[in-house]
Each structure stands twice: as C-alpha cells, then as structure tokens.
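The next block holds one structure in the form of structure tokens; read it before the comments.
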Amino acid sequence: MIESFAWLQQQQLPASAARNIATRFGSSARERAAADPYSFISLVPGFKLAHAETLAASLGFDPGAPQRSAAVMLHVLTAAAQSDSAEGLSWHQ
C-alpha cells in the first residue's frame with residue numbers, strides 16, 4: 001500500500017485521494033489507474049472528477065477517451081440532480 005500511495009502522490013493527487021485509492025486497491029492501484037483513471041470516481045469515496053483529470057493527464061490519457069466522456073456526463077448529471085436550483089435536473093426527469 002505504501003508504494004501505491006507514493007506513486008499516486010507522484011501523479012499529483014492530493015494525499016487524501018491517494019490514501020483512499022491505495023487503501024482500497026493496494027498493489028493493484030497502479031494497474032487500475034493505467035487502465036481507467038476515471039473509474040475511481042464511482043469506486044473511491046471522495047474521489048472527484050478533478051482528481052481523475054489530474055491523474056489521467058499525468059498518465060498521458062487521451063482527453064477524447066470514452067472513459068472521460070462517461071465520467072464527465074456522470075459528474076454533470078450528479079451535480080444537476082443535487083442542485084437546489086430550479087433549473088437543476090432530478091433523477092426522475
């Protein structure tokens with residue numbers, strides 16, 4: 001876990017995000033990150049789109065990757081559903 005934590009911090013992730021990933025995935029964290037850095041959004045508490053963008057950029061991930069599109073859409077819909085604005089979407093719409 002310590003090696004995964006150190007590697008994740010080298011990728012410019014905040015300590016809390018790196019710790020949560022390393023704790024959850026241990027030695028497989030690096031392989032998971034290389035396969036899909038956006039997957040952590042739904043798998044790791046407190047891991048945000050901004051963290052995924054940082055990790056993906058650090059790994060040279062293609063900004064046009066389908067994983068990114070799906071993560072951005074999930075982020076937008078979640079934010080809209082949680083919004084107090086009258087213009088926000090609910091999950092039922």
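The values are calculated or read from the model by the stated rules, or taken from the named source; none is laboratory data. Keep in mind the model is a prediction, meaning the values are calculated, not measured. Here the Cβ is made from the backbone with ideal geometry for all residues, glycine too, and neighbour counts use every protein chain on show. Side chains included, ligands, DNA and RNA excluded: accessible areas come from the protein's heavy atoms. Shrake-Rupley method; radii C 1.70, N 1.55, O 1.52, S 1.80 Å.
With respect to the numbered conditions (1) exposed (fewer than 13 other Cβ atoms within 10 Å of the Cβ); (2) at pLDDT 95 or above; (3) in contact with a helix residue (DSSP H, G or I) (Cβ under 6 Å, 6 or more places away or on another chain), which one is the sole condition not fulfilled by Trp91?
Checking Trp91 against (1) exposed (fewer than 13 other Cβ atoms within 10 Å of the Cβ); (2) at pLDDT 95 or above; (3) in contact with a helix residue (DSSP H, G or I) (Cβ under 6 Å, 6 or more places away or on another chain), the one that fails is (2).
Count, please, the residues in the stretch 46-68 that happen to be touching a Lys or Arg at 6+ places or on another chain (Cβ under 9 Å) and either open to solvent by 60 Å² or more (accessible area, probe 1.4 Å) or in a helix (DSSP H, G or I) (or both).
Counting residues in the stretch 46-68 that are touching a Lys or Arg at 6+ places or on another chain (Cβ under 9 Å) and either open to solvent by 60 Å² or more (accessible area, probe 1.4 Å) or in a helix (DSSP H, G or I) (or both) gives 4.
Got a sec? Which of Ser85, Ser28 is at pLDDT below 95 and more than 13 Å from the chain's Cα centre (by Cα)?
Answer to the check: Ser85.
If you take the residues in the stretch 33-45 that are buried (at least 17 other Cβ atoms within 10 Å of the Cβ) and assigned to a helix (DSSP H, G or I), which one is modelled with the lowest pLDDT?
So, considering only residues that are buried (at least 17 other Cβ atoms within 10 Å of the Cβ) and assigned to a helix (DSSP H, G or I), the one modelled with the lowest pLDDT is Ile41.
Just checking, how many residues over the stretch 1-32 are part of a loop (DSSP other than H, G, I, E, B) and either open to solvent by less than 90 Å² (accessible area, probe 1.4 Å) or out of contact with any Gly (no Cβ under 9 Å at 6 or more places or on another chain) (or both)?
Number satisfying all stated conditions: 4.
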